[in-house]
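The values are calculated or read from the model by the stated rules, or taken from the named source; none is laboratory data. No experiment lies behind these values; they were computed from the predicted model shown. So basically every Cβ, Gly included, is an ideal-geometry build from the backbone, and we count neighbours across all protein chains shown. All accessible areas refer to the heavy atoms of the entire protein, side chains included, with ligands and DNA or RNA removed. Shrake-Rupley method; radii C 1.70, N 1.55, O 1.52, S 1.80 Å.
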Amino acid sequence: MVRTAPHTVEHLWRRACDAAITFRTGVVDRPAPPRQDYASSLRAFDAPLPASGTDPEEVVDDLVRLADAGLMTPTGARFFGWVIGGSHPAGVAADWLTSAWGQNAGNHQASPAASAAETVSARWLLELLDLPREASVGFVTGATMANFTALAAARGEVLRRVGWDVERDGLFGAPPVEVVIGAEAHTTVYAALQLLGLGRERVTRLPVDDQGRIVVGPAHEVLARLEEPAIVVLQAGHVNTGAFDDFAALVPAAAATGAWIHVDGAFGLWARACDETAGLTSGLEDADSWAVDGHKWLQTPYDSGFVVVRDERAHRQAMTISASYLPMSGDGDRDPSHYVPELSRRARGFATWTMIRTLGRDGIAAMVARHCAYARLIATTLQAEPGVAVLNEVDLNQVLVRFGDDRRDLDGDRLTRATIERIRADGVCFTGGAHWLGREVMRLSVIGFETDEGDAVRSAQAVLAAYRHVLESDGQPGS
Ligand SMILES: Cc1ncc(COP(=O)(O)O)c(C=O)c1O
């Protein structure tokens with residue numbers, strides 16, 4: 001008997017569902033960091049290649065048992081480690097259905113419903129983010145592929161304007177494209193340039209200030225010399241500081257050169273959905289393309305990112321895959337695969353549609369405002385402590401902290417590292433680490449929808465308790 005019996009499906013899915021409910025309803029009380037590290041998780045999963053099959057219920061039980069101790073808690077209330085959203089239960093429900101329905105969202109015939117959900121979500125996203133309504137939207141895995149897709153459209157269009165068809169003829173012999181980029185662009189923008197044959201290092205880097213923002217004066221000098229074909233990459237929301245480039249000053253100067261302007265706004269673009277923060281993004285609406293994540297501030301489950309391109313034709317020309325067995329492009333129906341690198345693909349529109357309906361415009365705005373307020377609250381609490389410095393302007397949801405700021409640099413590095421370790425060992429919250437301006441720092445990203453004011457207060461206290469403990473064991477209490 002090959003066919004799956006209905007009761008097998010039912011038992012299997014109820015088991016998975018029960019395990020998921022147990023995890024999610026208990027996650028708020030879990031210690032924020034995983035109980036075991038990668039090496040232990042690897043030992044737990046490691047086994048010889050299975051020679052024969054196993055009953056799926058047993059496999060799912062094993063999966064739950066083996067994964068549990070190695071699960072991180074971005075779905076909890078006090079996870080601040082990276083800019084990782086909280087996989088809202090409504091989005092997860094839609095994502096389960098997406099998997100259960102097994103829809104291939106490559107084209108509108110393979111799944112009319114999946115294509116329709118994307119079409120409507122795309123329109124909603126343009127309204128929410130207040131981007132040009134005529135722009136096209138691709139539903140990709142995340143901001144990395146959103147950057148890639150936008151820069152592919154940019155590469156095609158700027159070369160087309162000087163008489164070169166890169167989609168047909170490739171880059172060999174093509175006129176060189178100058179790429180101008182802020183020195184603090186996110187690493188995934190460099191990855192996209194690398195994948196597109198534009199070169200990670202073959203770029204003109206614009207100087208930035210101590211927040212990672214492009215400095216306007218020197219940028220204007222570079223832009224004044226810029227000739228076509230050229231691409232300028234700006235940023236809305238630096239991954240450490242949350243800082244925004246000065247779009248009002250930079251976008252017109254770049255546009256005057258005929259360059260394609262791309263904005264990486266993986267999480268920062270969501271500032272446009274909130275009146276309190278929208279001003280930070282003024283002027284970016286005049287760019288040519290934008291990258292933003294659903295799995296960050298929209299709280300969709302992974303993987304979900306959006307690429308928005310003003311020139312729909314350039315977007316399609318860079319991405320369209322055609323074959324005689326696929327629906328013809330240009331018949332008026334929107335095929336999701338025309339705006340993304342893949343053909344067969346997950347129906348990401350269902351979770352996006354569900355999250356926008358669940359939160360609504362007001363809910364998204366309130367969440368962004370709340371997270372920014374908690375970030376300010378945490379920053380104010382931390383910097384009241386002697387020896388603790390907040391290094392960034394907390395305009396958004398990011399807080400960048402240095403411990404032992406009143407000590408020599410290397411002592412500060414050591415105390416910062418030790419405090420992060422201590423915070424993780426205490427388990428109340430999870431914070432990240434990074435290098436900033438040559439020194440070790442702790443970073444907090446307030447982005448999970450479960451976080452409330454009490455969590456922010458409790459986490460700030462836990463951070464201070466960890467620092468005081470580190471100072472005590474360092475033998476130099478107080479300072
Ligand atoms: C500014 C910026 N760009 C790009 C990315 C990459 O996004 P993803 O990991 O979703 O591909 C991030 C991730 O945090 C980011 O902050």
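Restricting attention to the range 173-188, which residues are within 15 Å of the ligand (Cβ to nearest atom) and free of Cβ contacts under 8 Å to residues at least 40 places away in the same chain? Across the range 173-188, the qualifying residues are ALA183, THR187.
When residues in the range 391-410 are screened for being open to solvent by 30 Å² or more (accessible area, probe 1.4 Å) and over 13 Å from TYR467 (Cα atoms), 8 of them pass. Considering the range 189-230 alone, what residues qualify as being within 14 Å of the ligand (Cβ to nearest atom), touching a residue at least 40 places away in the same chain (Cβ under 8 Å) and touching a Phe, Trp or Tyr at 6+ places or on another chain (Cβ under 8 Å)? Of everything in the range 189-230, those that are within 14 Å of the ligand (Cβ to nearest atom), touching a residue at least 40 places away in the same chain (Cβ under 8 Å) and touching a Phe, Trp or Tyr at 6+ places or on another chain (Cβ under 8 Å) turn out to be ALA191, ALA192, LEU195. Restricting the search to the range 102-139, which residues are touching an Asp or Glu at 6+ places or on another chain (Cβ under 6 Å) and farther than 21 Å from ALA291 by Cα? Of everything in the range 102-139, those that are touching an Asp or Glu at 6+ places or on another chain (Cβ under 6 Å) and farther than 21 Å from ALA291 by Cα turn out to be ASN107, HIS108. Being touching an Asp or Glu at 6+ places or on another chain (Cβ under 7 Å) and over 30 Å from GLY242 (Cβ atoms) is a property that holds for ARG161.
Does ALA314 qualify as being without any contact (Cβ under 8 Å) to a residue 12 or more places away in the chain and over 25 Å from GLY448 (Cβ atoms)?
Criteria not met by ALA314.
Against the definition (within 30 Å of LEU444 (Cβ to Cβ), more than 16 Å from the ligand (Cβ to nearest atom) and under 23 Å from the mean Cα position of the chain (by Cα)), how does ASP245 come out, yes or no? Considered against the rule, which asks whether it is within 30 Å of LEU444 (Cβ to Cβ), more than 16 Å from the ligand (Cβ to nearest atom) and under 23 Å from the mean Cα position of the chain (by Cα), ASP245 comes out as no.
Scan the range 357-371 and give yes if some residue there is closer than 22 Å to VAL233 by Cα and touching a residue at least 24 places away in the same chain (Cβ under 8 Å), otherwise no. The answer is no, given that none of the residues of the range 357-371 is closer than 22 Å to VAL233 by Cα and touching a residue at least 24 places away in the same chain (Cβ under 8 Å). Of everything listed in (1) modelled with pLDDT of 95 or more; (2) more than 27 Å from ILE364 (Cβ to Cβ); (3) of a type in the set (A, V, I, L, M); (4) not in a loop (DSSP other than H, G, I, E, B), the single unmet condition for ALA20 is (2).
Close Cβ contacts (under 6 Å, 6 or more residues apart or on different chains) running from residues in the range 17-31 that are touching a residue at least 12 places away in the same chain (Cβ under 8 Å) to residues that are among the hydrophobic types (A, V, I, L, M, F, W, C) and surrounded by 11 or more Cβ atoms within 10 Å (Cβ to Cβ) comprise ALA19/VAL64; VAL28/ALA77.
With respect to VAL166, determine if the residue is touching a Leu at 6+ places or on another chain (Cβ under 9 Å), closer than 18 Å to ALA254 by Cβ, of a type outside the set (Asp, Glu) and away from the ligand (no atom under 16 Å from the Cβ). So VAL166 fails the test.
Within the range 89-107, the residues that satisfy the criterion of being open to solvent by less than 30 Å² (accessible area, probe 1.4 Å) and in a loop (DSSP other than H, G, I, E, B) are ALA105, GLY106, ASN107.
Screening the range 250-284 for residues that are closer than 19 Å to ARG376 by Cβ, within 16 Å of the ligand (Cβ to nearest atom) and of a type outside the set (S, T, N, Q) and picking the one that is surrounded by the fewest Cβ atoms within 10 Å (Cβ to Cβ) gives LEU280.
Checking the conditions here, which among ARG422, ARG458 is of a type in the set (D, E, K, R), surrounded by fewer than 22 Cβ atoms within 10 Å (Cβ to Cβ) and in contact with a Phe, Trp or Tyr (Cβ under 8 Å, 6 or more places away or on another chain)? Result of the check over ARG422, ARG458: ARG422. Would you pick out the residues in the range 285-299 that are away from the ligand (no atom under 13 Å from the Cβ) and open to solvent by less than 10 Å² (accessible area, probe 1.4 Å)? Across the range 285-299, the qualifying residues are ALA287, SER289, GLN299.
For PRO74, indicate whether it is open to solvent by 20 Å² or more (accessible area, probe 1.4 Å) and either under 21 Å from the mean Cα position of the chain (by Cα) or among the charged types (D, E, K, R) (or both). The answer is yes for PRO74.
Could you check the range 403-452 and list, in sequence order, the residues that are under 25 Å from PRO74 (Cα atoms), in contact with a strand residue (DSSP E or B) (Cβ under 8 Å, 6 or more places away or on another chain), part of a helix (DSSP H, G or I) and among the charged types (D, E, K, R)? Correct list: ARG417, ARG424.
Selection of the range 300-335 for residues being within 16 Å of the ligand (Cβ to nearest atom), of a type outside the set (Gly, Ala, Ser) and open to solvent by less than 70 Å² (accessible area, probe 1.4 Å) yields THR300, PRO301, ASP303, PHE306, VAL307, VAL308.
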